[in-house]
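A short write-up of the structure that comes next.
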Amino acid sequence: MSQTAVQVPPTPSPPPPPSTLSGRSLPRWAPLGFAAAAIALGCGLGAVAGWHSKTQWGLLSALFFVLISYTVTSAVENKRQAKDRLATSVVWVCFILAVVPLFSLIWVTVSRGSKVLDGYFLTHSMAGVPGFETGGGVYHAIIGTLEQVGLATVISVPIGLLTAIYLVEYGRGTLAKAVTFFVDVMTGIPSIVAGLFLLSIMLMFELSPSGLMGALALAILMIPVVVRSTEEMLKLVPNELREASLALGVPKWRTILKVVIPTALGGITTGVMLAVARIAGETAPIMLLVFGSQLINANPFEGAQSSLPFYIWEQYRVGSEASYDRAWAAALVLIAFVMLLNLVARGIARWKAPKTGR
């Protein structure tokens, strides 16, 4: 008896799903085209309307950029891509609005401050130079800024570091909450209030103005910044490191000193540098407590001193062309000082960052 094989016809395969990549899409250079068209429309409409402010032209161009991006994407692609393009355009516009004033400030400061910024300006003071005449330098103000900021750092960093260690490692209950509350309040204190507080102490004890009094006021402004930044860095240290050290029988104070602080040292240093940069430009406490001086005073504990912010205000108040040039040059020196501190902070943070890998 023979068996015959029954052949089953093959089942037809379903049609492939429609590809989502086959739809229309804008080219990659479309945002640049939108930006060019928006700038042309904004500048053209601003010129026709008689607007002389370049800021108005820029804001109008930004508005046109957002509208053109959404409209064209909605017409060519779809609503979903249009919403995504709208969000991306708003982010880019906000980024440009934040960066343009910064670059404008740096450009104006460099262009106007470089007129008199040279070796003579950095190594001479204003002794014997009338404010309305050319000449003179900023050396005495640089000395005052370095000494006052240095003293404020020496005073505030140990206090802020120990306060942050207490709040993270030991602080519990009402006292810790009170310390946290007052640190938050001190963060928002205006510099003039710190200056008035120290000025009242000077009047009570009949103290003379000096760089030390200005440094004390700057330390008051610096302490809450150091406390907050150090506290956040210490909280980032994993508890497993503390538990491993304590499990080996190491005392808690030694665990903090040898494990916790070295682990967070990069972030702590960055916070300290940012706090130093924050107080380097304060003027009000120096005006009240240091009084300013045209002469070089290398002793911060006796006599009036100058500083870079006070020097800028002093020269701008004179009102002559030469004093304006000196003020812009001093502003450029101050910006360079703050930028150098930020670069040092980034370098230390990268150097002390935890090493990754096996």
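The numbers here are math on the coordinates, done by the rules we state, and not lab data. Model, not experiment: these values are computed from the prediction. FYI the Cβ positions are ideal-geometry reconstructions off the backbone, even for glycines, and counts take in every protein chain you see.
Things worth noting here:
- Lys pairs, the chain - Cα-Cα below 26 angstrom, 8 or more residues apart or on other chains: 11
- Net length gained if the chain between residue 243 and residue 105 were fully extended (0.36 nm per residue, minus Cα distance): 44.7 nm
- For the pair residue 49 and residue 274, the difference between a 0.36 nm per residue extended length and the Cα-Cα distance amounts to 76.5 nm.
- For peptides 287-300, 87-100, 28-41, sequence by mean Cβ density within 10 Å, most packed first: 287-300, 28-41, 87-100
- Kyte-Doolittle mean at least -1.0 and Cα axial length at least 30 Å: DSSP H helices in the chain: 54-76, 79-113, 139-165, 211-235, 321-351
- Relative contact order computed over region 30-112 (Cα-Cα under 8 Å; 6+ residues apart), in percent: 23
- Prolate/oblate/rounded call for the chain, Cα gyration tensor, a/c under 1.5 rounded: oblate
- When 276, 183 are sorted by how many other C-beta atoms sit within 10 angstrom of their C-beta, beginning with the fewest, the order is 183, 276.
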